[in-house]
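Quick notes on the structure that follows.
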Amino acid sequence: MKIGILGTGNIGKTLIRRLSAAGHEVKAANSRGPETIEADVLASGGRAVTAAEAVVDVDAVILSIPFARIAQVAPLIAKVPAHTVILDTSNYFPFRDNEIAAIEAGQPESVWASEQLGRPLVKAWNSIGADSFAHKNRPAGSADRIALPVAADSARERELAMALVEDTGFDAFDAGPLAESWRQQPGTPGYCTDLTRQELPDALAAADAARAPKRRDLGLAVVQERFGAGVQPDGEYLVRLNRALCM
């Protein structure tokens with residue numbers, strides 16, 4: 001597949017490495033220019049390009065950028081053909097992204113993002129922490145392979161995204177339409193709890209839309225109190241914390 005990835009943060013870097021290693025033709029871009037993308041990120045075959053180049057002649061575009069920047073890339077995405085699948089890996093955090101009234105009122109994050117872009121989206125890879133994503137990939141069939149939910153309105157787009165999730169070393173789980181993607185947002189039992197295919201369905205079903213934002217904010221408060229603002233604890237601590245708060 002030909003894939004353009006916008007964003008070279010921790011999730012974006014792993015996507016570039018894994019999808020290139022799986023044999024896909026990957027173009028990678030960020031907001032700072034192709035010369036700023038480290039060589040090790042491209043070691044599996046990814047190619048550094050400008051953002052405009054990354055979305056040309058591709059089967060899929062993966063947005064691995066801060067949620068607040070979704071609207072900023074709308075002009076770029078508007079030029080992408082309708083058959084190209086757009087995937088969103090981001091999550092909304094009001095302390096970082098500023099409060100968005102529609103989401104605060106209960107609109108699923110990727111439904112809002114889809115409206116900003118004016119086209120369908122697939123929600124994928126948002127429900128795993130960067131550390132787990134980088135280090136916990138497993139071969140298909142492994143008993144401890146983590147499962148990741150994939151939500152989209154189009155069956156074709158969902159199937160394409162699920163195939164890519166599998167190529168990154170995780171079990172893909174059909175999470176239904178985009179309107180149900182709130183079940184994999186921060187503060188829910190399926191978010192950053194590193195569950196298997198057997199465990200994930202019950203976690204998604206147990207999600208509580210009213211309690212999720214409270215649990216999300218409580219988790220952030222715990223991290224800030226224990227480690228201080230701007231300090232990121234290790235991935236295993238975050239998995240334990242999310243399990244304790246949300247499951």
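Given R₀ = 25 Å, FRET efficiency for residue 69-residue 137 by Cβ-Cβ distance, to 0.05?
For residue 69 and residue 137, the calculated efficiency is 0.40.
Mind scanning 27/79; 13/214; 13/136 and naming the pairs with a C-alpha gap bigger than 22 Å?
13/214
When the label point is put 7 Å from the Cα of residue 225 along its Cα-to-beta-carbon vector, which residues of region 80-107 have a backbone N closer than 20 Å?
Counting backbone N atoms under 20 Å from the label point, the list is 94-96.
For the chain, what is the charge dipole size about the Cα centre, in debye to the nearest 20, if Lys and Arg each add +1 at the Cβ and Asp and Glu each add -1 at the Cβ?
180
Rolling a 1.4 angstrom probe over the protein heavy atoms, how many square angstrom per residue are accessible across region 20-63?
For region 20-63, the per-residue accessible area is 46 Å².
Give the separation of the Cα centroids, region 76-115 to region 127-153, in Å.
22
Roll a 1.4 Å probe over the protein heavy atoms and report the accessible area of residue 194 in Å², nearest 10.
20
What does the C-alpha gyration tensor say about the overall shape of the chain? Classify as rounded when a/c is under 1.5, otherwise prolate if a/b is larger than b/c, or oblate.
The shape class here is rounded.
Explain nothing, just the number: relative contact order of the chain, from Cα pairs under 8 Å at least 6 residues apart, as a whole percent.
Reported relative contact order: 15 percent.
Find the centroid of the Cα atoms in region 2-17 and in region 185-214, then give the distance between the two in whole Å.
25
Ranked from the most accessible area to the least, with a 1.4 Å probe and all protein chains present, what is the order of 247, 162?
The most accessible residue leads, giving 247, 162.
Between residue 179 and residue 32, what is 0.36 nm times their sequence separation minus the Cα-Cα distance? Round to one decimal in nm.
Difference between extended and current length: 49.6 nm.
Heavy atoms only, probe 1.4 angstrom, no DNA, RNA or ligands counted: give me 159, 180 ranked by accessible area, highest first.
159, 180
Quick one: pull the percent of accessible area on the chain belonging to carbon and sulfur, 1.4 Å probe, ligands and nucleic acids left out.
Carbon-and-sulfur percentage of accessible area, whole number: 52.
Where in region 135-163 does the label zone of residue 40 land, with the point 7 angstrom along Cα→C-beta and an amide N cut-off under 14 Å?
Output list for this probe position: 135.
The values are calculated or read from the model by the stated rules, or taken from the named source; none is laboratory data. Please read these numbers as outputs of a predicted model, since none were measured by experiment. Note that each Cβ is placed from the backbone with ideal geometry, even for glycine, and that neighbours are counted across all protein chains shown. Protein only, heavy atoms only, side chains kept; ligands, DNA and RNA dropped before computing areas. Shrake-Rupley method; radii C 1.70, N 1.55, O 1.52, S 1.80 Å.
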